[in-house]
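Encoded as structure tokens, the structure appears first; notes follow it.
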Amino acid sequence: MIEGLNILYLTHRFPYPPAGGAKVRAFHCIERLSKRNRVTVAAPLRDSEEAAAADDLKGMVAGVLTAPIRPIQALAQLAGGSALLRSASVGYFYSPKLARLIRAHLSETKVDLIVVHSSAVAHYVAGAQAPKVLDFVDIDSRKWMDYSRHKRFPLSLGYALEGYSLARAEVALARHFDLNLVATDFERDTLHALAGEVPASVVRNGVDLTYFSPGEDIHDPERICFIGRMDYFPNEQAVETFCRDSLPIIRRSRPNAKVQIVGAEPTAAVRALERIDGVEVTGTVPDVRPYVRASAVTVAPLAIARGTQNKILESMAMGVPVVASALAARGVDAEPERHLLTGASPEEIAAQTLRVLTDPKERTRLAEAGRARVAERHAWPAALDEFEARLAAYLGTPENREPGKKESAHVA
């Protein structure tokens with residue numbers, strides 16, 4: 001437990017309301033720290049909705065520092081960064097006004113701890129003379145390198161350049177910050193492979209077990225569900241592959257099987273999947289829970305997956321079995337075959353999905369085991385206890401808190 005501190009919490013996405021994977025973890029960490037400390041939240045704003053949300057968050061924290069990033073300006077910085085081999089991600093989230101507000105806050109307030117959520121905004125405070133913790137969550141440079149292997153030229157080159165330049169920044173930051181956090185063991189190993197034996201600890205993602213709870217309604221034994229933002233390339237790629245390659249195999253045994261694609265901003269390619277018999281694309285829905293609970297199984301056959309897939313945690317928490325790729329499943333503290341099912345190819349994904357559709361006892365077993373595992377390993381209270389314990393262990397060592405003990409960080 002830590003208490004009585006002035007904390008600056010900087011995040012790349014405004015963390016309220018806590019909807020979407022990029023916001024949920026930051027929000028819960030801020031909420032926990034705010035109970036016994038004075039927390040000032042700093043974040044760039046992307047639109048008017050986030051600006052309105054800033055006012056709503058002010059009642060929970062000691063202060064809010066925000067400034068807009070203009071779409072045209074952000075895209076120009078992104079393109080310029082790529083051309084100069086500087087990280088485009090860092091450029092995209094940079095706001096001169098927010099930088100001035102943060103500098104002023106640090107000069108006017110004795111800040112006892114800085115927590116940064118995402119390497120994309122760590123440059124705002126890289127030179128600050130205060131104890132600094134960087135929550136990478138995922139090692140984003142590896143995601144861009146993954147993209148480069150799934151895109152055609154010239155996009156493949158652009159993603160590879162961003163992966164290279166962001167990796168340089170991540171290495172410098174990891175060596176400069178006093179403590180680094182990640183969401184999974186795999187991401188910790190990735191960070192160590194990049195930056196050497198820097199201080200790094202795992203704080204797992206959590207799920208709200210009360211909000212994401214099993215429903216009382218009877219599920220549709222023929223319905224398969226995929227949830228996630230549908231303008232996000234890994235999700236788009238996954239559902240296209242599932243509907244075109246796995247679904248025909250499933251429907252040979254289960255002619256009435258159907259897929260419901262639930263998520264905001266479906267691309268034209270995702271919308272086009274409705275031409276396939278048995279596929280429905282809902283677009284934005286007010287609440288994904290009724291769709292998941294009404295399904296026999298959810299699928300997450302992602303070919304690109306970093307960190308923890310919240311869609312898997314939430315489905316398991318609601319007592320709905322999950323069939324996932326091994327890449328997607330590795331971010332969840334669960335055992336394949338015991339708590340969820342995995343497959344390495346469209347054919348294996350189809351076979352595992354059919355196991356759930358055709359065997360009610362197997363579905364019940366996986367539903368109960370998945371919910372129990374999430375409650376045991378991924379409940380938010382336990383995850384936040386782990387988060388606070390990591391901070392307390394670091395702050396409890398006086399020599400770790402000496403300003404300027406680390407080398408200067410050069411952010412590419």
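The values are calculated or read from the model by the stated rules, or taken from the named source; none is laboratory data. It should be emphasised that the depicted structure is a prediction, and the values quoted were computed from it without experimental measurement. Neighbour counts run over all protein chains shown; Cβ positions are idealised from the backbone, glycine included. Calculation scope for accessible area: heavy atoms of the full protein, side chains included, ligands and nucleic acids excluded. Shrake-Rupley method; radii C 1.70, N 1.55, O 1.52, S 1.80 Å.
So the values come out like this:
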{"quantity": "Cα-projected label distance for A294 with R36, points at 7 Å along beta-carbon direction, nm", "calculated": "4.4"}
{"quantity": "Rounded FRET efficiency, nearest 0.05, which uses the C-beta distance separating K110 from D359 and R0 of 56 Å", "calculated": "0.35"}
{"quantity": "Largest to smallest accessible area among T109, T184 [probe 1.4 Å]", "calculated": "T109, T184"}
{"quantity": "Eligible aspartates and glutamates near K258 by straight Cα distance, threshold 16 Å, same-chain separation 8 or greater", "calculated": "D220, E222, E240, D245, E274, D277, E280"}
{"quantity": "Region 117-272: relative contact order in percent, alpha carbon pairs under 8 Å with at least 6 residues between", "calculated": "18"}
{"quantity": "Residues A272 and R149, FRET efficiency given R0 of 22 Å [Cβ-Cβ distance, rounded to 0.05]", "calculated": "0.35"}
{"quantity": "Angle in degrees between helix 48-57 and the longest Cα principal axis of the chain, rounded to the nearest 10", "calculated": "70"}
{"quantity": "Computed lengthening from R103 to L194, 0.36 nm per intervening residue step minus Cα-Cα distance", "calculated": "29.8 nm"}
{"quantity": "Dipole-positive endmost among G4, L101, L341 within the chain (Cβ charges, Cα centre)", "calculated": "L101"}
{"quantity": "On Cα atoms only, tilt of 155-176 relative to the major axis of the chain in degrees", "calculated": "50"}
{"quantity": "Point-charge dipole on Cβ atoms (K/R +1, D/E -1) for the chain, about Cα centre, debye to 20", "calculated": "620"}
{"quantity": "For region 279-396, accessible area per residue (1.4 Å probe, heavy atoms of protein chains only), Å²", "calculated": "36"}
{"quantity": "Nearest-ten-degree value, helix 380-395 long axis tilted from longest Cα axis of the chain", "calculated": "30"}
{"quantity": "Percent of Cα-Cα distances greater than 30 Å, calculated over the chain", "calculated": "43"}
{"quantity": "Cα centre as origin, Lys/Arg/Asp/Glu Cβ charges: region 289-350 dipole, Debye", "calculated": "280"}
{"quantity": "Among L302, W380, P199 the positive-end extreme of the charge dipole of the chain (Cβ point charges)", "calculated": "P199"}
{"quantity": "Mean Cα-pair separation over length for the chain, i.e. relative contact order, pairs under 8 Å, 6 or more apart, %", "calculated": "15"}
{"quantity": "MRE, 222 nm, helices only [DSSP H, n ≥ 4, -39500 (n - 2.57), over the chain, to nearest 500]", "calculated": "-13000 deg cm²/dmol"}
{"quantity": "For G283, distant residues with modelled amide H under 5 Å away", "calculated": "G263"}
{"quantity": "For V297, distant residues with modelled amide H under 5 Å away", "calculated": "C225"}
{"quantity": "Net charge of neighbours whose Cβ lies under 13 Å from the Cβ of D385, counting Lys and Arg as +1 and Asp and Glu as -1", "calculated": "+3"}
{"quantity": "Burial ranking of peptide ranges 330-336, 148-154, 115-121 (average Cβ count within 10 Å, highest at the top)", "calculated": "115-121, 330-336, 148-154"}
{"quantity": "Accessible area of the chain belonging to carbon and sulfur atoms, whole % at 1.4 Å probe", "calculated": "51"}
{"quantity": "FRET efficiency, 1/(1 + (r/R0)^6) with R0 30 Å, evaluated for M1 and S156 via beta carbons", "calculated": "0.05"}
{"quantity": "Reachable lysines, given that their alpha-carbon falls under 24 Å from the alpha-carbon of K23 and they are not under 8 places away in the same chain", "calculated": "K35, K58, K97, K132, K143, K311"}
